[in-house]
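A short write-up of the structure that comes next.
Just so it is clear, none of the values below were taken in a lab; they were calculated from the coordinates. Bear in mind the structure is a predicted one, so any value in this text is a computation, not a measurement. Backbone-built Cβ (ideal geometry, glycine too); neighbour counts: all protein chains shown.
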Amino acid sequence: MAFGNWEMQAGDPTVFAFRIAFLRNPHGDDDRATPEERESWGAFSVWAQGENLCAHTEQGEVLDSAHWYMLPLIEWFVDNWDALLHEERLPLSNVGLSAAESLSISRRPPLSLKAVDEFGWLDVWAAWWERHCVRSSREGGLFPDLYLRRYRDLLEFSTGAEPLPGIPDEYVFLSPNRRYRLDPITVVDVLFAVLSSAAQELRRRLPESSRIEQLNAKISGLTSPGRETSRMAWLAGFGDNIESYLQVAHEVDSVLEPVDPKIREQITGKRRSTPLFVDGSAYARLLYGAISPATTLSDVVTLTNLIVNNYVADATPWLSRLSLRLDIADVSQMSPGEQGSWLGEQACELLEASADSWVDIHSVLQRLNIQFTSIDLSDDELRAVSVFGPTQRPHIFCNRRTRWGQSSEVERFTLAHELCHLLLDREYGDELAVATGPWAPVAIEQRANAFAAAFLMPTWLLRDALNLTDLPADDPEAIGMVSATMRVSGSSLIDRLLNLGELTFDDRIRLRSVWMPNVER
């Protein structure tokens, strides 16, 4: 029996939209495909903020959809649903500003690793790629290099530019190296509507197929209440190891058990959650260990107690103090580092304009009523944790065990870095919970580092300090005198002068060889 064309599109292309179509199969009885796959020949398109991520050129013609057998794509979305929508942590190394960029960079082990299991590395890389890259479902089709993953309170769609092996150069996807972060509820509803409709249409066409019946059963199972535990495990960074997540959750529950239920709900509660998706709170990332693969149970208990003790019924009084009139509109086209430098100087001018030779970051935090506490976490890669939100007063917790040491310069830089998080990084939700370390979002850390350098070393103070030395900026003695005056490390000062164009890259290499013993970044 021949069926006509069918298609389902949901969503608004200017925000997010998804389309699947079943079309006449030009390959007929293709023996490379199963009967179910042959019946699912068609096309799909994905739009994010007005851009079609599947648009491509083929033999000189621009096509708006990727064409192939749709059944493996539908099954891939359904089988990887929980990971796609809840797993944020990247594999192996937290590099790149998007999943697509990170996976491209980390495809091979770094050359600096002398003894590494390259096959083990590739296995971990491939497993993550298979969960998150649409191309992993192509089974011979020409699909875009498109990734979907969780990013804090949002869903990230990103594209790479990896070529398809054996494909002519004229077959090119038109939206490479893109990154969009979208509201998850909108995306989830659109995806589910299209996938479920497509599966139902295939069941109508092939009512005797056990494969299609199993697909429809899996789609129905996506709304099962029992999926929440699995989703929380992915959100917490445990992947499909639900048992490990439950062990951590038990420790968290033990700490929270004596806490008032309303307070407990505000700390761990999930906002806007649906039967298809868990929108875990920012604080829960700390509580359940999602901040780093090296987070231990003792760290989880410590952080849970800190969050409980930092609770306030209403943090509004602090909000007004941290709502600085920074000219954020001007940074939209800048890189994260450029944003940090621009905003760091603005913030310093607003908060410490009267400084005559150095910026007193402790005094700034005190005036803003930001609390600062030293704590002990076993993960020495973590420098500090910052929290703020409707029921959390702004608080910086500095890790005494960090491998960066405990010098006053390290502490001052860390506090200025965390100040950036408190001022700027609630853009992904009204709750802030950031752990500064190698697994924090790369763009957020790059911006905070640049902010800290600009805040502690604004150009007007740097200029005065350099003039007083009567030496060129590339003189090691000048670096020593200026860093002492401004109470920063020599390495931070060298990087700041490089970014301002006062030093060349060769100058940086030469000068840092002198100051490396004091490096804190």
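See the values below:
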item	result
Low-density loop cleavage sites - GluC sites (Glu not before Pro) in segment 185-250, where at most 16 other Cβ are within 10 Å (DSSP)	GLU208
Residue-by-residue Karplus 3J(HN,Hα) for segment 247-260, coefficients 6.51, -1.76, 1.60, Hz, glycine and proline x	5, 5, 4, 5, 5, 4, 4, 5, 6, 7, 3, x, 7, 3
Degrees, to the nearest 10: 297-309 long Cα axis against longest axis of the chain	70 degrees
SER363 versus GLN406: modelled label distance in nm, points set 7 Å from Cα along the beta carbon direction	2.6 nm
For segment 87-145 and segment 443-521, distance of Cα centres in Å	36 Å
Answer label, with volume of the Cα convex hull per residue in Å³ calculated from the coordinates and candidates (1) 158; (2) 170; (3) 148	(2)
Karplus-derived 3J(HN,Hα), 6.51/-1.76/1.60, for each residue of segment 489-500, Hz, glycine and proline x	6, x, 5, 5, 5, 4, 5, 5, 5, 5, 5, 8
Dipole magnitude of segment 134-262 about its Cα centre (Cβ charges: Lys, Arg +1; Asp, Glu -1), debye to nearest 20	400 debye
Dipole of the chain [Lys/Arg +1, Asp/Glu -1 at C-beta], most positive-end residue of LEU246, ALA384, VAL194	LEU246
Residue-averaged [θ]222 nm for the chain, counting only DSSP H segments that reach four residues, each worth -39500 (n - 2.57)	-13500 deg cm²/dmol
Modelled FRET efficiency - R0 35 Å, ALA126 with THR274, Cβ distances, 0.05 increments	0.70
Contour minus Cα-Cα distance for ASN177 and VAL301 (0.36 nm per residue)	40.7 nm
Share of Cα-Cα pairs in segment 430-477 lying beyond 17 Å, as whole percent	55 percent
Karplus-derived 3J(HN,Hα), 6.51/-1.76/1.60, for each residue of segment 67-72, Hz, glycine and proline x	10, 4, 6, 8, 4, x
C-alpha long axis of helix 505-515 to longest principal axis of the chain, angle in °	60 degrees
Isotropic mean projected area of the C-alpha convex hull, segment 1-144 (nm²)	11.3 nm²
Segment 459-518 - charge dipole about Cα centre, Lys and Arg +1 at Cβ, Asp and Glu -1, debye rounded to 20	260 debye
Cut-off under 5 Å, modelled amide H: who pairs with GLU352 long-range	none
Positive-end residue, the chain charge dipole about Cα centroid, Cβ charges, pick of PHE44, GLN446, PRO168	GLN446
Cleavage-rule hits, chymotrypsin sites (Phe, Trp or Tyr not before Pro), segment 58-109, DSSP coil, Cβ neighbours within 10 Å at most 10	none
Cβ-derived FRET efficiency at R0 22 Å, ILE242 paired with ALA217, nearest 0.05	0.60
Total charge dipole magnitude, the chain, about the Cα centre, Cβ charges on Lys, Arg, Asp, Glu only, Debye to nearest 20	760 debye
